[in-house]
Amino acid sequence: NQADNSPTSAFHPASRGPPPPPPPATLEQAQPQRYHPQPQGDEDKVYLEDPPAAETFGDEYQGNQKPDDDDEASVDFLLDPKHEMTWGRRFALAFKGFSCYNPSVAMARKEAENTASSASEKLTEGEKFANFSSSSPGAIGAYPFTKSKKETPSLAKAWAYFEHFALPRYVVDDSEGLTTAEPGEEHLPTKLYNPFCTPHNQLGDWGLGVGLYFTTLRALCILTFLGGVVSIPNILYFAGDDYSDGQSGLDNVVLQGSAICTDTTWVPCESCEGNGYPDSRIATGINVDTGDNATFALRNNCDGATLEQSYINLGVIALISAGLFVMNFTIRRVEVQFDEDEQTAQDYSVAITNPPLDAYDPEEWRKFFYEKFEGAHVTTCTVGVDNDLLVNALVE
């Protein structure tokens, strides 16, 4: 409250704003103050309230950081730079003002119209209320009245929550590796992982299986690419004039360079009928030499069984076989690397492969570890029973 020797000012309920602040008596009173009308006795006095710690006076935010309640820099998710957003979030922010994309826009407009109508009626009541004095019976000191407003859904907040809590992000610092940020990290600047530029050695951050999957996928891509490069001589031969006259009758461009033959001839084949040949390769007609009905088969005139093509095919098979052995060795090495970089439950687990035949009770194993190993702590104990034959018999 104001000091007894400081100037006082009355605040009429029908006034349009608080009176100007009184002159400060000391340096401490010169700090920013907030004024609220409070009824007391027969007159309304102005009470002073210290401003909340979250407000700033003269300080500007840097980037998307703002001061929080603990005077510690925090990140405002709504102020993310546009180039660090996903394309879906950019699209949503660009079209959030259109009711055809964001139905809440129409709801907000309707709510604004209702609020404006209510405010007009409230102002009329205020003009009537202006005829009353603060000392009149039934006078109200807290004016104008406040009304709660239902908040409409916000696309900007929803997308900010999705990117900062659901999508994986890393902490922006000067270290060589990428440190995975906790969901909703607000005290350190973070960025989304780039789907194309994320280092391969960081893929283990999402689990050992994720890192090994992409390691295997990369190895298979390299292996099949090398096999295709080695097969280029065969592709050029099959697409040339020496094999099938340039495969001129082939409609599918994807099959260009394959071993398909377009140079064909119908020839009599008495043993072809009923031997399981497709209908497109078998036909019946009249033999012009004998004049009798005969069965004809579609024969390929291409020569694809040359020695050069066979050597190239054998080379591709040898390359793929050797590549699979190298890939198996690489995956084992990468598995150890990922496992050393990440801490998992496996790092703190002990597996006993030769337990006694009658050791079925997990509580007995817990006591065993506590007695034999000083400082041991058992969190979970699982006993795997070798009863596959019994379970299969019960299922049958």
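Scanning segment 193-211 for residues that are polar (S, T, N, Q) and either open to solvent by less than 50 Å² (accessible area, probe 1.4 Å) or over 20 Å from residue 166 (Cβ atoms) (or both) yields 198, 201, 202.
Flag not set for residue 380, criterion: in contact (Cβ under 8 Å) with a residue 24 or more places away in the chain and either more than 30 Å from residue 231 (Cβ to Cβ) or surrounded by 12 or more Cβ atoms within 10 Å (Cβ to Cβ) (or both). When you check residue 374 against the structure, is it in a helix (DSSP H, G or I) and among the charged types (D, E, K, R), yes or no? In short, no.
Applying a threshold of 9 Å to beta carbon distances and a minimum spacing of six or more residues, or different chains, the list of pairs starting in segment 346-366 at a residue that is assigned to a helix (DSSP H, G or I) and ending at one that is open to solvent by 100 Å² or more (accessible area, probe 1.4 Å) and β-branched (Val, Ile, Thr) reads 348/379; 362/380; 362/382. Taken over segment 222-272, residues that are assigned to a loop (DSSP other than H, G, I, E, B) and farther than 14 Å from residue 298 by Cβ amount to 12. When segment 180-192 is filtered for residues that are open to solvent by 80 Å² or more (accessible area, probe 1.4 Å) and either closer than 30 Å to residue 332 by Cα or touching a Gly at 6+ places or on another chain (Cβ under 8 Å) (or both), only 182 remains. Among residues of segment 303-317 that are in contact (Cβ under 8 Å) with a residue 24 or more places away in the chain, those with a beta-carbon under 6 Å from a residue that is open to solvent by less than 40 Å² (accessible area, probe 1.4 Å) and not polar (S, T, N, Q) at least six positions away or on a different chain give the pairs 316/227. Here is a list of conditions, (1) over 39 Å from the mean Cα position of the chain (by Cα); (2) closer than 30 Å to residue 240 by Cα; (3) modelled with pLDDT of 85 or more, and residue 358 meets all of them except one; can you say which number that is? Going through (1) over 39 Å from the mean Cα position of the chain (by Cα); (2) closer than 30 Å to residue 240 by Cα; (3) modelled with pLDDT of 85 or more one by one, residue 358 breaks only (2). If the condition is being closer than 17 Å to residue 324 by Cβ, of a type in the set (A, V, I, L, M) and in contact (Cβ under 8 Å) with a residue 60 or more places away in the chain, then segment 192-221 contributes 212, 219, 220.
For beta carbons closer than 9 Å, sequence separation of 6+ or different chains, a first residue in segment 80-92 that is at positive phi and surrounded by 10 or more Cβ atoms within 10 Å (Cβ to Cβ) and a second that is among the charged types (D, E, K, R) and part of a helix (DSSP H, G or I), there are no qualifying pairs. Of the residues that make up segment 256-270, is at least one free of Cβ contacts under 8 Å to residues at least 12 places away in the same chain and either open to solvent by less than 90 Å² (accessible area, probe 1.4 Å) or out of contact with any His (no Cβ under 7 Å at 6 or more places or on another chain) (or both)? Checked against the condition, which is being free of Cβ contacts under 8 Å to residues at least 12 places away in the same chain and either open to solvent by less than 90 Å² (accessible area, probe 1.4 Å) or out of contact with any His (no Cβ under 7 Å at 6 or more places or on another chain) (or both), segment 256-270 yields no hits at all.
Just a yes or no: is a residue in segment 142-153 within 20 Å of the chain's Cα centre (by Cα), open to solvent by less than 90 Å² (accessible area, probe 1.4 Å) and at pLDDT 60 or above? Checked against the condition, which is being within 20 Å of the chain's Cα centre (by Cα), open to solvent by less than 90 Å² (accessible area, probe 1.4 Å) and at pLDDT 60 or above, segment 142-153 yields no hits at all.
If you go through segment 335-345 and pick out every residue that is touching a residue at least 12 places away in the same chain (Cβ under 8 Å) and not in a helix (DSSP H, G or I), you end up with 2. Scanning segment 212-252 for residues that are open to solvent by 50 Å² or more (accessible area, probe 1.4 Å), of a type in the set (A, V, I, L, M) and closer than 19 Å to residue 313 by Cα yields 220, 222, 226, 229, 230, 232, 235, 236.
Residues are listed down the side, and each one gets a yes or a no for (1) over 30 Å from residue 208 (Cα atoms); (2) open to solvent by 70 Å² or more (accessible area, probe 1.4 Å); (3) out of contact with any strand residue (DSSP E or B) (no Cβ under 6 Å at 6 or more places or on another chain):
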| position | (1), (2), (3) |
| --- | --- |
| 295 | yes, no, no |
| 319 | no, no, yes |
| 323 | no, no, yes |
| 341 | no, yes, yes |
| 368 | yes, yes, yes |
| 374 | yes, yes, yes |
| 385 | no, yes, yes |
| 390 | yes, yes, yes |
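The values are calculated or read from the model by the stated rules, or taken from the named source; none is laboratory data. These numbers were taken from a predicted model, which means no experiment stands behind them. As a convention, Cβ positions derive from the backbone with ideal geometry for all residues, glycine included, and neighbour counts pool all protein chains shown. Remember, those area values only see protein heavy atoms, side chains included, never the ligands or the DNA or RNA. Shrake-Rupley method; radii C 1.70, N 1.55, O 1.52, S 1.80 Å.
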